[in-house]
Amino acid sequence: DGGDIITNPVPEFLCHLYSMLRDPDLSEMISWCVPAEDEPDHVGGGMKGIGKIVCHQPEALQEKVLGNYYRHSKYASFQRQLNYFGFKKRLHGGKKGKLSPCSYVHEKLGTDPQSLLQLKRRPPAKKRDPNASLDSTHSV
């Protein structure tokens, strides 16, 4: 027995995301970047020393890449998955639009893209209860 530590399996979405970020052929469409300084939101909103995902060409990603890694090729679905894992979208140059270049930041990431594999899905949000508190304690 090698004394392997039992770990939870890494979610499939993150495994595929990691593979995409490691593929040099995709770097013009999607890449991993570690800012040397904190960035203002209009240039991607990255945090110093914390990796972020940069979607340079969301449209090309949707048309040529996502379908090779996921059961869908919709950029909106890809973005929803990133949201489930707690990523925050930062537009570049204030350009709005579903397929505008943007960055996805997450405070729990390290400098290595492998840090993606440690992320956990956020628990599902409760159905729009205006009285629900943000913590998990239920006091009535």
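With only Lys, Arg, Asp and Glu charged, each at its Cβ (+1 for the first two, -1 for the last two), find how big the charge dipole of the range 81-123 is about the Cα centre; round to the nearest 20 debye.
My answer is approximately 300 debye.
So, in nm, how far is label residue 89 from label residue 47 when the simple model puts each one 7 Å beyond its Cα toward the Cβ?
Inter-label distance under the simple model: 2.1 nm.
Got a sec to turn the phi values of the range 47-54 into Karplus ³J(HN,Hα) couplings, 6.51 cos²θ - 1.76 cosθ + 1.60 with θ = phi - 60°, whole Hz, x for Gly and Pro?
10, 3, x, 10, x, 9, 9, 10
On average, how much area does the Cα convex hull of the range 5-110 cover when viewed from any direction, in nm²?
Mean projected area of the Cα convex hull: 7.1 nm².
Give the accessible area for residue 17 in Å² (nearest 10); use a 1.4 Å probe, count only protein heavy atoms, and leave out ligands, DNA and RNA.
0 Å²
For residue 80, what accessible area in Å² do you get when you roll a 1.4 Å probe over the heavy atoms of the protein chains, rounding to the nearest 10?
Rounded to the nearest 10, that gives 120 Å².
The values are calculated or read from the model by the stated rules, or taken from the named source; none is laboratory data. Since the model is a prediction, treat every value here as computed from it, not as a measurement. Every residue, glycine as well, gets a Cβ built from its backbone with ideal geometry; the counts of neighbours run over all protein chains shown. Just the protein is used for accessible areas: all its heavy atoms, side chains included, with ligands, DNA and RNA removed. Shrake-Rupley method; radii C 1.70, N 1.55, O 1.52, S 1.80 Å.
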